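Please read the structure below before turning to the comments.
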Amino acid sequence: MNKICTSLEQSKKLLELGIDRKSSDMYYWCGSDLRIGGYKAQDEELDIPAWSLAVLLDILPNDEVTSTTVTRGGWNIKPAKYLDIWFAEYETEKHDNDFSLSANNPIDAAFEMVVWLKENGKI
């Protein structure tokens, strides 16, 4: 099954980092059964927000994005041509704060990049 949003653990981590729950576009409904839900929480106090790939990409700073290479510094997420691995990179002009990772799907790559950028004061 394809991953459509952050996992429950990833969602909790984003909340811990101070990402606004209102920026999410999905929720885990925490009623009698835990399941991924639609666009609105049924219970704002109980339900846990989840973020799709599109929203995770919106959280990343968009003034530094390039589609294939990083020329002035910024982030980049791209699919590998082999092994179905996704890479996320953050580079500065001087390459003094470089960070890169690989993940099995684009949501995990975007999640890890959002976490790193938030923890390092980039967003």
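The values are calculated or read from the model by the stated rules, or taken from the named source; none is laboratory data. For clarity, every value in this text was computed on a predicted model and none was experimentally measured. Here the Cβ positions follow ideal geometry from the backbone for every residue, glycine too, while neighbour counts run over all protein chains shown.
Considering every residue within the range 8-18, establish whether at least one is at pLDDT below 90 and not polar (S, T, N, Q).
For the range 8-18, residues at pLDDT below 90 and not polar (S, T, N, Q): present.
Checking the structure you have, find out if any residue of the range 66-81 is modelled with pLDDT of 70 or more and part of a loop (DSSP other than H, G, I, E, B).
no
For the list (1) closer than 19 Å to Glu119 by Cα; (2) at pLDDT 80 or above, I need the number of the one condition that Asn97 fails.
Of everything listed in (1) closer than 19 Å to Glu119 by Cα; (2) at pLDDT 80 or above, Asn97 misses just condition (2).
Taking Asp47 and the conditions (1) at pLDDT 85 or above; (2) in contact with a Phe, Trp or Tyr (Cβ under 9 Å, 6 or more places away or on another chain), which numbered condition does it fall short on, given that it satisfies the others?
So Asp47 meets the others, but not (1).
What single numbered condition from (1) among the polar types (S, T, N, Q); (2) over 27 Å from Leu8 (Cβ atoms); (3) modelled with pLDDT of 85 or more fails to hold for Asn105?
(2)
Could you tell me whether the range 31-41 includes any residue that is closer than 26 Å to Ala88 by Cα and either in contact with a strand residue (DSSP E or B) (Cβ under 9 Å, 6 or more places away or on another chain) or modelled with pLDDT of 85 or more (or both)?
For the range 31-41, residues closer than 26 Å to Ala88 by Cα and either in contact with a strand residue (DSSP E or B) (Cβ under 9 Å, 6 or more places away or on another chain) or modelled with pLDDT of 85 or more (or both): present.
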